[in-house]
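Structure first, then comments.
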Amino acid sequence: MRWGLLLTLAAPVWAASCPPITWDDLKDRLTGKDAHLIFFASWCMNCQDHLAKYPKNAVFIATFDEQRRAEQIIAHFRVKAPCYTDIDVARHFGIRAVPADRDFRGTGAKKIEPVALTFP
């Protein structure tokens, strides 16, 4: 019994954070950087493929979802990429379904140019 308690206490806890973000805030964060935006939802089974395997420059945007649920699924998959809960980013791109992703190249001050739109 003592060993079981010791192993339970020693197990690492994986915490995730997906704070809310607006399009303007995201643009500011991506200025001058290349990023791969991945729009997902915790309830979306097809999105789990993206959560399990993603590019190095990925940024996850929880869309059509609650922050708490997005954080739970990000923690479950132990995602190390940045995660945000969408306020108006998906609407800016006309995203109506998940999963969806976009590649970006940050060019100049506060300007983001879309490169590609792909669906799995």
task = May I ask you to list the residues in segment 22-45 that are under 21 Å from Arg96 (Cβ atoms) and either within 11 Å of the chain's Cα centre (by Cα) or without any contact (Cβ under 8 Å) to a residue 24 or more places away in the chain (or both)?
result = His36, Leu37, Ile38, Phe39, Phe40, Ala41, Ser42, Met45
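Hey, could you check segment 69-95 for residues that are of a type in the set (D, E, K, R) and under 19 Å from Thr22 (Cβ atoms) and say which is modelled with the lowest pLDDT?
Quick first cut of segment 69-95, residues of a type in the set (D, E, K, R) only: 69, 71, 78, 80, 86, 88, 91.
Among the residues that remain, those that are also under 19 Å from Thr22 (Cβ atoms) are: 71, 86, 88, 91.
Values: Glu71: 96, Asp86: 95, Asp88: 93, Arg91: 90.
In this case the residue turns out to be Arg91.
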Test: residue in segment 102-116 that is modelled with pLDDT of 90 or more and within 13 Å of the chain's Cα centre (by Cα) = no
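The values are calculated or read from the model by the stated rules, or taken from the named source; none is laboratory data. Nothing here was measured: the structure is a model prediction, and the numbers come from that model. Ideal geometry is used to build each Cβ from the backbone, glycine not excepted, and the neighbour counts take in all protein chains shown.
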